[in-house]
Each structure stands twice: as C-alpha cells, then as structure tokens.
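Since every read-out is calculated from the coordinates, none of them should be taken as a lab result. Small disclaimer: the values here were computed from a predicted structure and weren't measured. Because the Cβ atoms are built from the backbone with ideal geometry, glycine has one as well, and the counts that use them run over all protein chains shown.
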Amino acid sequence: MHDIKISVAMATYNGEKYIYQQLESILNQSMAVDEIIVVDDNSSDKTIEIIEKLNCSRIHIYKNEENLGYIKNFYKAISLTQGKYVFLADQDDIWEKEKVKLTFAELQNSAKNMVICTNFSLIDQNGSPITDIEHYQVNGFILQRHKEIETLTLSRLAFGNVVQGCTYCVKRDVIDAYLKIHNTEVIHDYQLMLIAAAMGRVEYLNKPLIRYRLHGNNAVGFERKKHRLEIPEKRPSKEPYMARFFRQMNKIINVPNINYYVILYYLRIPYLISIVKNIITGG
C-alpha cells in the first residue's frame, strides 16, 4: 500500500441534496487525492446511502451514533486523516478541477508555508453563479483587492479569521499540533489558521478554486461565518475562551509574546461593544 500523501476531511450532516456533486468534484481532480474521510454526524436523511453508492475505495465513511455538533465532528474527521497534507471540505460546495494541483503547488513553494487558503466564487442552491456579492454579509477581506499571493500574519489573524475554512490545505505538522491542543470551543478552521501562522506562514492564493454554495441549510453560511468570528454578547468568563485557546496553543508550540496576540483579539470592536452593553444592561 502506498503512503497517503493527500487527505480530505469532510464533516457531513443531512447533506443528501449536494453531497454527490461535491464528492464527484473531489474525485475528478486533475491531481488525485489519496483518501476522503467523511464523518457523518448522525444524519437522518440519505447522506450515507448516497456516498456508499459512489462505491469508491478512497472514500472512508464514519457515522456517529449521536450528534457531536459541528466543531467536534470536524475534529474527529481531521483526526482520522493520515495524509501529509489535509484539505478541508464542506458537504455542499463544488471544487474546481485544478484546486488540489494549484493549492498543493503553492504549498510546496516554501518550507515555511503551513496553510494555503484560497479565494472562491459564489453559487446559489441551484448551482448558478451569484454575482451581486455586495448584497451578502461578506467580511471586508474578501471584498478587498489582493495580489495573487499574500501572507496572513498572526497579528492580522488575531483580530479574527478572514478566509473560509473549506478553502484550506494544511500541513501535517499543523494538524498534529491542533489535535494535541484538542480545543472544542473555537471553530476548527480558525484554530488551524492561528496555529499555522504561529508555526510558519499562512498564504492566501487569490484564485477562486471552489464554488461556495449559499442556501438555506448551510451549516456555516455567510451570516453564520460572520457571527462565528465575533465574541458572543455575554459577560466574559474568568478566562475567556480565546485566551484559553491561546494559552493551550502556547503550551504546544511556544509562541513568543503570546499575550500580545490575546490582547489584539480582545481589542476588536465587536468584543468591546459587547462588554459595554453587558455593563449597561447588567447582562
């Protein structure tokens, strides 16, 4: 059996409507992936049945006996991968045919590159292109004009994630650190981005290599993705959850000046607004 080089981690839940098209786009890449790990979070529809009909030896299906939730389910999927390089995939997008080839090539350009993330195009529930992006709640980074390749520093990422996790390709060193930290409070892709930036370099490739689908049942749609980058509007605990994550990360990879990045995160305007609101309302 040959060594597994490229893995795909996918978490599914009631994805019967789009899962076949997504898996087909992954299986038909110009540069083949070695394994696709699918962890299903106890779907009540025909998601598993549809995947099994593909009858592909590269697809490995795991079904949870009970619902774990999005963060824990993706952690499980990532933990089951064996590849030196791991692509993250949502259940309802479509990969462009050159996605793996172009992303992998960029990752190989420097030993310092730990994560490559990319741009994307938008499609609706029927697969038709969405061009009026200004009508959607998209983070400012996506709307900015960018060079073909840009570096995302830890200082920049400490303010919040700016790129969709379903565009990531991640090196095994980053995966191993993420699994050791084993944090189930912070969304998985933001953890991976921060770890990668602390260990080496995160590169943003400004090419739309997936078709990101917007529809009513998105596990993490544009509005949801916007919210998940903000602190919930509640009084901070004795140790706020992002401070806890930075502390856990520092134990594993020893980040110089770790408190500087914690401060950057909590200086974000949404967090300050929530603090003021809680003081005023006594919430």
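Details
- For region 60-115: rounded, prolate or oblate by the Cα gyration tensor [a/c cutoff 1.5]: prolate
- Projecting the Cα atoms of Gln29, Ile50, His215 onto the charge dipole of region 6-228 (Cβ charges, centred on the Cα centre) puts Gln29 farthest toward the positive pole.
- Extended-chain gain in nm, criterion 0.36 nm per residue less alpha-carbon gap, Lys84 and Lys147: 19.9 nm
- Considering only region 6-228, percent of DSSP beta bridges that pair antiparallel, nearest 5: 30
- Burial ranking of peptide ranges 66-78, 168-180, 189-201 (average Cβ count within 10 Å, highest at the top): 189-201, 168-180, 66-78
- Our Cα-only numbers for region 6-228 put the radius of gyration and Dmax at 16.2, 46 Å.
- Stretchable slack from Leu264 to Lys53, in nm (0.36 nm times residue separation minus alpha-carbon distance): 71.1 nm
- Within region 171-215: backbone nitrogen closer than 11 Å to the Arg247 label point (7 Å, Cα to C-beta): none
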